[in-house]
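The values are calculated or read from the model by the stated rules, or taken from the named source; none is laboratory data. Just so you know, these numbers come straight off a predicted model, no measurement behind them. Every residue, glycine as well, gets a Cβ built from its backbone with ideal geometry; the counts of neighbours run over all protein chains shown. To get the accessible areas, we keep the full protein, side chains included, count just its heavy atoms, and leave off ligands, DNA and RNA. Shrake-Rupley method; radii C 1.70, N 1.55, O 1.52, S 1.80 Å.
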Amino acid sequence: MIVCEVCKKQPATVHLTEITPDARKEAHICARCADKKGIHTGSASLPANFLGSLVAPEPTAEEGASRGAACPKCGIHFGEFRAAGRLGCPNDYTAFRKRLLPFIERVHGAVQHTGKVPRRLREEGTERNERLARLRRELKEAVDREEFERAVQLRDELRAMGEA
Amino acid sequence: MAIGRFAGTAGEWLRGAGPEADIVISTRIRLARNVDGFPFQTRANPEQRRELADLLQGALKEVLTKERPLYVDVEKALDLDRQFLVERHLISRDLAGGEGPRGVVVTPPEDVSVMINEEDHVRLQVLHTGYQVRDTWKRADALDDALQERLPPAFSSRLGYLTACPTNVGTGLRVSVMVHLPALVITKHIEKVFYAMSKINLAVRGLYGEGTQAASDFFQISNQVTLGKTEEEILKTLESVLPEVVRYEREARQSLQRDNPSRLEDRVWRAYGVLAHARTITSEEALEKLSALRLGVNLGLVGGVDIQAVNELFILTQPAHLQKLRKDELEPAARDVARAEYLRERLKGKTK
């Protein structure tokens with residue numbers, strides 16, 4: 001049984017892993033000391049700024065608010081995210097991409113979603129892939145038959161869909 | 001208030017009937033989603049939050065038509081009712097203690113609860129009894145699809161489902177299995193479980209408790225990573241270790257029965273004695289004794305008490321539930337008396 005690192009008396013039942021840019025720190029404390037520190041085990045909610053404080057040393061409110069550009073959609077500054085641990089809108093992932101991605105990679109060990117995709121996008125994706133496949137096939141056929149005018153037209157259609 | 005009809009019963013997930021139910025209490029799947037075109041909670045103004053609550057409530061009522069769901073407006077609910085919902089695992093402490101328009105859609109068997117305007121616009125939860133990772137996921141996935149058809153989610157092909165906190169981004173999926181591991185706690189092998197879990201990025205949290213109370217013999221095992229793995233991979237990570245945890249606990253139970261049977265029986269029967277006869281009991285002590293009784297019932301050391309009743313008592317003896325049952329606000333000391341009375345009613349003279 002591990003003993004609480006704070007009071008050195010109670011058994012440590014709360015186990016925290018803190019991931020900072022430099023290291024992975026672990027702390028083992030008892031429920032009572034955890035509660036004193038504002039860490040609630042019941043519904044597993046950490047202090048509001050817990051996550052933000054892991055990204056970088058906590059800036060003062062003024063510093064935080066003034067530093068960096070704001071998201072054009074919701075107006076939040078990166079410093080505000082750091083202080084509160086919560087983003088303001090979905091566009092923040094684009095607006096703060098450079099600063100968020102290293103943090104996301106530390107937490108998840110990845111920066112690319114591989115899971116479920118909304119059905120609407122799945123269908124759009126399928127339609128798009130089918131159309132691309134058809135255009136590529138037609139382009140090849142046109143080139144084979146030396147129908148260059150038709151080939152140029154098909155190439156332009158492919159380009160318009162973002163294909164080289 | 002409509003939720004009053006829940007008092008005196010507990011959700012289906014406490015039936016104690018699912019696979020491995022002697023050790024695995026429940027399986028929970030949670031999906032975090034946000035509605036496209038709206039800011040997250042921190043930046044949503046009261047009008048936007050009201051609009052979200054209305055849109056989501058309407059959409060969810062359609063999605064869950066057959067289940068005849070109940071909507072609880074948490075903003076307008078009494079403190080006692082909020083606490084009541086927290087104790088039943090239907091809403092989080094954060095939703096209970098939050099502010100502004102917010103609520104929860106609950107199906108009567110309490111297997112589905114969808115929090116609206118918590119940290120994310122939608123926190124969809126499916127809760128099943130026992131160890132049922134696949135069925136629980138299928139249900140959550142289907143409900144998620146149906147909801148997305150009505151209200152498209154904030155999604156990016158790179159980062160998946162976009163959430164207010166980047167720790168949930170990607171699948172937005174949290175799979176949690178609640179386990180009862182008294183023998184591993186008694187034999188002091190529980191730390192090994194914690195260690196093994198942390199190795200594969202699973203979190204183990206103590207469960208239950210009021211305020212500063214020490215953790216109990218109940219633990220919640222859940223995934224940490226939500227991005228870069230498919231839902232299937234996340235489910236498989238949990239499935240790769242859960243049978244081991246169950247086996248480990250079973251072995252610990254067997255060794256307790258083999259090595260010192262009278263000491264184990266004494267522990268169980270003393271617990272029953274206190275529960276069936278005490279005149280005042282704190283929630284901490286009730287929790288500890290109920291855990292020992294639960295172990296005794298599952299090992300066949302105590303007959304006549306059914307496991308569902310014991311499971312339910314964990315919930316029904318919590319403060320808001322006691323006050324609902326007694327239809328009165330009670331101070332802590334009075335609650336301890338009411339708790340002892342209630343436990344006596346439910347347990348005295350029941351054993352064989």
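Could you tell me whether the protein assembly as shown comes out rounded, prolate or oblate from its Cα gyration tensor? Rule is a ≥ b ≥ c as square roots of the eigenvalues, rounded for a/c under 1.5, then prolate if a/b exceeds b/c, otherwise oblate. In terms of gyration-tensor shape, prolate. Normalised by the number of residues in chain B, the average gap of Cα pairs under 8 Å and 6 or more apart makes the relative contact order 20 percent. Which is the longest stretch in chain B that no exposed loop site breaks, taking sites as GluC sites (Glu not before Pro) with a DSSP loop state and at most 13 other Cβ atoms within 10 Å? Looking at chain B, B:100-328 is the longest stretch - no exposed GluC sites (Glu not before Pro) with at most 13 other Cβ atoms within 10 Å. Ranked by solvent-accessible area (1.4 Å probe, protein heavy atoms only, all chains present), the residues B:His89, B:His321, B:His189 order from largest to smallest as B:His189, B:His89, B:His321.
Which shape class applies to region B:20-85: rounded if a/c is under 1.5, otherwise prolate when a/b exceeds b/c and oblate if not, where a ≥ b ≥ c are the square roots of the Cα gyration tensor eigenvalues? Prolate. The calculated FRET efficiency for the pair B:Arg263 and B:Leu325, based on their C-beta separation and a Förster distance of 30 Å, comes to about 0.30. Calculated mean residue ellipticity, 222 nm, the protein assembly as shown: -14500 deg cm²/dmol, from DSSP H runs (n ≥ 4) at -39500 (n - 2.57) each, averaged per residue and rounded to 500.
In a simple Cβ point-charge model (Lys, Arg +1; Asp, Glu -1; nothing else charged), region B:57-159 has a dipole of about 220 debye relative to its Cα centre. Spin-label model, B:Arg150/A:Glu5: points 7 Å from Cα along the beta carbon direction are separated by 4.7 nm.
If the segment from B:Leu80 to B:Lys138 were pulled out straight at 0.36 nm per residue, it would be longer than the present Cα-Cα gap by 17.5 nm. Annotation: extensible slack from B:Thr230 through B:Lys352 equals 39.0 nm (criterion: 0.36 nm per residue apart, minus Cα-Cα distance). Distance between the pseudo-spin-label points of A:Phe148 and A:Glu127 (7 Å out from Cα toward the beta carbon): 3.5 nm. In the elastic network of chain B, a GNM with C-alpha springs shorter than 10 Å, the most mobile of B:Leu275, B:Leu295, B:Leu151 is B:Leu151. Each residue, B:Gln254 and B:Ala17, gets one label point 7 Å from its Cα in the Cβ direction; the gap between the two is 2.9 nm. Please list, by residue number, everything in region B:157-187 whose backbone N is under 14 Å from a paramagnetic label point 7 Å out along Cα→Cβ of B:Ile200. The answer is B:177. Of all the accessible heavy-atom surface of region B:8-253, with the other protein chains kept in place and a 1.4 Å probe, what percent is carbon and sulfur? The value for region B:8-253 is 50 percent carbon and sulfur by accessible area. Which links in A:Lys116/B:Lys236; B:Lys289/B:Lys350; A:Lys116/B:Lys229; A:Lys8/B:Lys199 stretch past 18 Å when you go from one Cα to the other? Violating the 18 Å Cα-Cα cut-off are A:Lys8/B:Lys199. Note on B:Thr9/A:Lys98: beta-carbon distance plugged into 1/(1 + (r/R0)^6) with R0 of 41 Å gives a FRET efficiency of 0.20. For B:Lys324, the lysines whose Cα comes closer than 20 Å to its Cα, not counting residues fewer than 8 places off in the same chain, are B:Lys76.
Students often get this wrong: which residues of region B:158-186 have the backbone nitrogen under 13 Å from the point 7 angstrom along Cα-to-C-beta of A:Arg120? No residue qualifies, since no backbone N sits under 13 Å from the label point. With a 10 Å cut-off around each Cβ of B:32-40, the average count of Cβ atoms from other chains is 3. Under a model in which nothing but the beta-carbon of Lys, Arg (+1) and Asp, Glu (-1) is charged, region B:280-343 shows a dipole of about 140 debye around its Cα centre. Calculated translational diffusion coefficient of region A:119-160 (37 °C, 0.692 mPa s; Stokes-Einstein with Kirkwood radius over alpha-carbon pairs) equals 303 µm²/s. Counting heavy atoms of the protein chains alone, B:Tyr161 has an accessible area of about 0 Å² for a 1.4 Å probe. Relative contact order for region B:261-346: what is it in percent, counting Cα pairs under 8 Å that are at least 6 residues apart? Rounded, it is 39 percent for region B:261-346. Which of rounded, prolate or oblate describes chain B when judged by the alpha-carbon gyration tensor and an a/c cut-off of 1.5? Oblate, because a/c is 1.5 or more while a/b does not exceed b/c. Simple point charges give the picture: +1 on the Cβ of Lys and Arg, -1 on the Cβ of Asp and Glu, and for region B:8-253 a dipole about the Cα centre of about 420 debye. For the set A:Cys7, A:Cys71, the ranking by accessible area, highest first and with no ligand, DNA or RNA atoms included, is A:Cys7, A:Cys71 under a 1.4 Å probe.
When the pairs A:Lys73/B:Lys138; B:Lys66/B:Lys138; B:Lys61/B:Lys138 are compared against a 27 Å limit on Cα-Cα distance, A:Lys73/B:Lys138 fall above it. Solvent exposure of the protein assembly as shown, expressed per residue, is 46 Å² of accessible area, with all protein chains present and a 1.4 angstrom probe.
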